[in-house]
Structures are given as C-alpha cells and as structure tokens.
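Notes to accompany the following structure.
Where a number appears in this text, it was derived from the coordinates with a stated rule and is not lab data. Because the structure is predicted, anything quoted here is derived from the model rather than measured. Using ideal geometry, Cβ is built from the backbone for each residue, glycine included, and neighbour counts are taken over all protein chains shown.
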Amino acid sequence: MLKRFGVSLEDDLLDQFDSLCDKQGYTNRSEAIRDLIRNALINKEWLEGTEETTGVVMIVYDHHQYHMAQKMTNLQHEHFTNIIASLHSHLDHHNCVEIILLRGKAKEIQPIADSIVSTKGVKYGHFIPATTGKFI
Ligand code: NI
C-alpha cells in the first residue's frame, strides 16, 4: 500500500534535487526518494552485516602475470559457498575481465571481496554491495 507524506525543503536544496532527478532520468520525485531510502536501508544492512545479502566484484587482470588465472580459480574454489556465479571474458591476448557474484552475510562476503580486489596482479578492482531485495 502506498502512503503519502509531505517533505519541507529549502528552495535551493529542492532545485538541486530536481536537477539531479532530471539528470538521472527520474520522471518524478517519488521514485527518486524511494531509491534514496532503499540505498540508506541497504547501507544499514551492510553496516550491521548480519543479514544475507549480495554483492558483485569486477576485476581486470593480465592472466599471464603472477599466475593470476590459477590464483583466481583457487580463491573462488576456496569460497565456493559464498561465490555463487562468475563471468569471465577474454578482452585481448593478455587481459581478462571477471565479474564475481557473492552471496552471504555482509561480514562474510566483504572480506572475500576485499581479498579479490587487493590480489597482486589485479589492475582494476571494484566491489558493489547490493541486496537480496527481501527487506526493501
Ligand atoms: Ni581470460
């Protein structure tokens, strides 16, 4: 069920918010506010770390360097209960891009993501915390 509520904002802040909504392609303020609230709830989920959640790690590496192909395979087998899927694409003769999907409690999967991103030989690594969507 949808509920309505009023929000009071300074002119300038509302102008900036409207311009942001416009740039991001929102057709109305309500959907933008819903997303802000959902993001805040997901942040809280990650800070507490006790509920099951999901996240994605994206990495780029040269598979010839530092035994990277073997290292990434070993690491993913070591955490097979939390790594539920991965996608590997060969960008050229040397470079690979890999997307690794994690599922588990934030306090379990954050350290796995950190260890993947900080592995020697990873040229680019980024972790995106997400959600199971159950609580939002
Ligand atoms: Ni490859």
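For the chain, leaving out every one of the GluC sites (Glu not before Pro) that falls in a DSSP loop and has at most 15 other Cβ atoms within 10 Å, the longest unbroken run is 52-136. Just so you know, the Rg over Rh for the chain is 1.11, from Cα atoms, with Rh as the Kirkwood radius.
3J(HN,Hα) couplings calculated from phi for the stretch 97-104 with the Karplus curve 6.51 cos²θ - 1.76 cosθ + 1.60 (θ = phi - 60°) are, in sequence order, 10, 9, 10, 10, 9, 10, 9, x Hz; Gly and Pro show x. For the stretch 1-103, the set of chymotrypsin sites (Phe, Trp or Tyr not before Pro) satisfying both a DSSP loop assignment and a count of at most 10 other C-beta atoms within 10 Å is given as Phe5, Phe80. Between beta-carbons, use under 9 Å as the cut-off and find the net charge around Ile59, counting Lys and Arg +1, Asp and Glu -1. Neighbour charge sum, excluding Ile59 itself: 0.
Each Lys or Arg adds one and each Asp or Glu takes one away; over the other residues whose Cβ falls under 15 Å from the Cβ of Ala32, this sums to -1. Across the stretch 52-129, Cα-Cα distances exceeding 14 Å account for 57% of all pairs. Pairs of Lys residues in the chain, spaced 8 or more positions apart or belonging to different chains, with C-alpha separations under 23 angstrom: 11 in total.
Distance between the C-alpha centres of the stretch 1-32 and the stretch 72-132: 35 Å, rounded to the whole angstrom.
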